[in-house]
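Let me begin by presenting the structure, written as structure tokens, before commenting on it.
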Amino acid sequence: MKSKTQMYVVTAFAAAIIAVLAQISIPLPMGVPITGQTLAVGLVVTILGTKYGSLAVLVYILLGAIGMPVFSSMSGGIGVLVGPTGGYIIGFLAQAFIQGLYMDKFGYTYVHAIISNLIGMVITLAFGTAWLKVALSISWEAAFMGGVYPFIILGIVKAVAAAYFGIIVRNRLLSQQLIPSLKY
């Protein structure tokens with residue numbers, strides 16, 4: 001991979017993957033659905049690393065912020081970002097950056113991919129829960145009940161799946177020289 005333009009195309013494709021998986025959505029009572037977004041973010045960062053993984057998440061968030069229907073249930077706009085789920089969406093960017101830094105430092109192996117994806121899950125849940133509390137003016141207990149507990153088991157499953165499939169895809173892209181092997 002010699003071209004930054006090629007990496008920007010891969011990054012745009014990764015943002016599109018996040019948008020597509022965001023449409024897998026199971027509504028829950030508190031207004032925060034179970035979605036494929038967290039799986040997609042973990043997968044993208046495991047494949048692309050800090051720089052391009054974070055950029056893909058940023059592109060996804062910006063597309064949604066300007067009104068493109070890329071968030072769950074084909075929603076978009078600033079209203080989503082300031083609504084009950086906005087903290088989770090902003091948390092994806094922190095997840096991408098920290099998860100990518102972890103993998104850049106410790107390596108792109110299955111074990112480190114699982115650990116980094118679990119760390120990413122906790123980061124997203126922390127951002128989301130804090131914002132859920134503020135957006136809905138509810139207690140911390142209610143925010144945890146609606147914003148963390150329903151997502152723990154499935155979040156672990158998604159983190160492991162993102163790590164497993166992300167490493168497979170990353171290794172295949174590396175072997176075909178479609179992404180650079182050096183840290184970005």
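Nothing in this text is a laboratory measurement; each read-out follows from the coordinates by a stated rule. The structure displayed is predicted, hence computed values, not measured ones. Every residue, glycine among them, receives a Cβ derived from its backbone with ideal geometry; neighbour counts consider all protein chains shown.
What to note about this one:
- Å³ per residue enclosed by the Cα convex hull of the chain: 93
- If you run the Gaussian network model on the chain, springs between alpha carbon atoms under 10 Å, then out of 37, 23, 99 the most flexible one is 23.
- Using distinct alpha-carbon pairs, which all enter the 1/r mean, Kirkwood radius of the range 86-160 in Å: 12.7
- Lys/Arg +1, Asp/Glu -1 at C-beta; the range 4-175 dipole; positive extreme among 6, 37, 67: 6
- Here each label is just a point 7 Å from Cα along the line to Cβ, and for residue 137 and residue 94 those points are 2.4 nm apart.
- Cβ-derived FRET efficiency at R0 30 Å, residue 164 paired with residue 78, nearest 0.05: 0.30
- 0 to 90° range, to nearest 10: angle between helix 37-65 axis and the chain longest Cα axis: 50
- Angle between the chain longest axis and helix 4-21 axis [Cα atoms, degrees, rounded to 10]: 30
- Charge dipole (debye, nearest 20) of the range 4-175; +1 at Cβ of Lys and Arg, -1 at Cβ of Asp and Glu: 360
- Taking Cα atoms only, the orientation of helix 86-106 departs from the longest principal axis of the chain by about 30 degrees.
- The length gained by stretching the chain between residue 23 and residue 177 to full extension, at 0.36 nm per residue less their Cα-Cα distance, is 52.4 nm.
- In the chain, Cα pairs under 8 Å separated by at least six residues give a relative contact order of 25 percent.
- In a DSSP loop and with at most 16 other Cβ atoms within 10 Å, the trypsin sites (Lys or Arg not before Pro) in the range 120-184 are 183.
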